[in-house]
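Worksheet: one structure, shown below.
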């Protein structure tokens, strides 16, 4: 697809949509964003903003009429809306993949049915089924709602069957759900890849992720793991994308336990927070690659040029006013990315910064100095 007179569409106007839109506009495409938020961050860069609900039939018809191809920035976009759009123009990823990724029960079933290793879990769709599965669960465990959970939301840690039953009784909105045995994790890693319509796959280096309160805090790339483990994770992620006949950018998150035991945690059918470092450290960012895959263009080179550390900026650090961004600008190898969100709130992702280094150790030292100046907890 040529950028000449071509318009792309995206469901969702958050920070991922903003970065996709920026990449697409830079590459010569117009972009139409569909999002109900009148202040959607992606709308700042879009050619046009359709301010309507994601399942609004008039808005969907308008979007499809304007666009040569459509994607999404979040897995909770209504799968039915994506299926409707696909009757009028190309849509990637497709509705079936999104439907799997937005439901933890379906996602776990896909992994297990296709031989991908996951941690011990049980699924329940109603209170009776939940009571029935509790004897099979090893505690401590974590309850995760099957739909609409992200950044630690919709998750509750429980120490016993009695506590689990009490939580679900008090919060029936958690159902349907999965309950996973808590594992002694060594670390968490992610693989971000792009797959084209022709089946070609390009992958960025495996990233190492550190979380705080269920929200990604820091990504270190490349991950500090053995090469054999990195290669195994990449093969598994590639096999998942191929099995799904996926088109676009996707992330696969893994738990690492014991002696390099690798377990699939979840997948995201879109660019991922742990891939934001690619904007500054790689030949091709995950967002440019998303545009390329959507438009059936050859995939770009994902090579990482320098070690990188990415740190999320949550609304908490605005508590005393605008943070001292000069601390970021004072570091020549640091890059600040703010998402244009109107209201900083505790736990809300407002931006990130990335620091480059000639080694991981050097990048971590620089990031630590900036964290201290911005008063980001270690």
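Every read-out reported here was derived from the displayed coordinates using simple, explicitly stated rules and does not represent laboratory data. Not measured: the values here are computed from a predicted model. Backbone-built Cβ (ideal geometry, glycine too); neighbour counts: all protein chains shown.
Okay, here's what the table says:
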{"read-out": "Rg(Cα) / (2.2 N^0.38 Å) computed for segment 262-331, rounded to two decimals", "value": "1.44"}
{"read-out": "Whether segment 64-182 is rounded, prolate or oblate, judged on the alpha carbon gyration tensor where a/c under 1.5 counts as rounded", "value": "prolate"}
{"read-out": "Per-selection metrics, segment 185-374 (Cα): Rg and Dmax in Å", "value": "16.6, 51"}
{"read-out": "Separation in nanometres of the label points that stand 7 Å from Cα toward Cβ, at residue 163 and residue 52", "value": "4.8 nm"}
{"read-out": "Gain upon complete extension [residue 374, residue 187; 0.36 nm per residue less C-alpha separation]", "value": "64.8 nm"}
{"read-out": "Gyration tensor (alpha-carbon) shape descriptor, segment 36-90, a/c threshold 1.5", "value": "prolate"}
{"read-out": "Share, in percent, of DSSP beta bridges within segment 1-157 that are antiparallel, nearest 5", "value": "20 percent"}
{"read-out": "Efficiency of FRET between residue 316 and residue 198 - r from beta-carbon atoms, R0 45 angstrom, step 0.05", "value": "0.55"}
{"read-out": "DSSP-defined antiparallel bridges as percent of all bridges, the chain, nearest 5", "value": "80 percent"}
{"read-out": "Å³ per residue enclosed by the Cα convex hull of segment 120-181", "value": "68 Å³"}
{"read-out": "q = 0.18, 0.23 Å⁻¹: log10 I(q)/I(0) that the Debye formula gives for segment 116-243, counting C-alpha atoms only", "value": "-1.04, -1.26"}
{"read-out": "Theoretical FRET efficiency, 1/(1+(r/R0)^6), r = Cβ-Cβ of residue 171 and residue 138, R0 25 Å, to 0.05", "value": "0.70"}
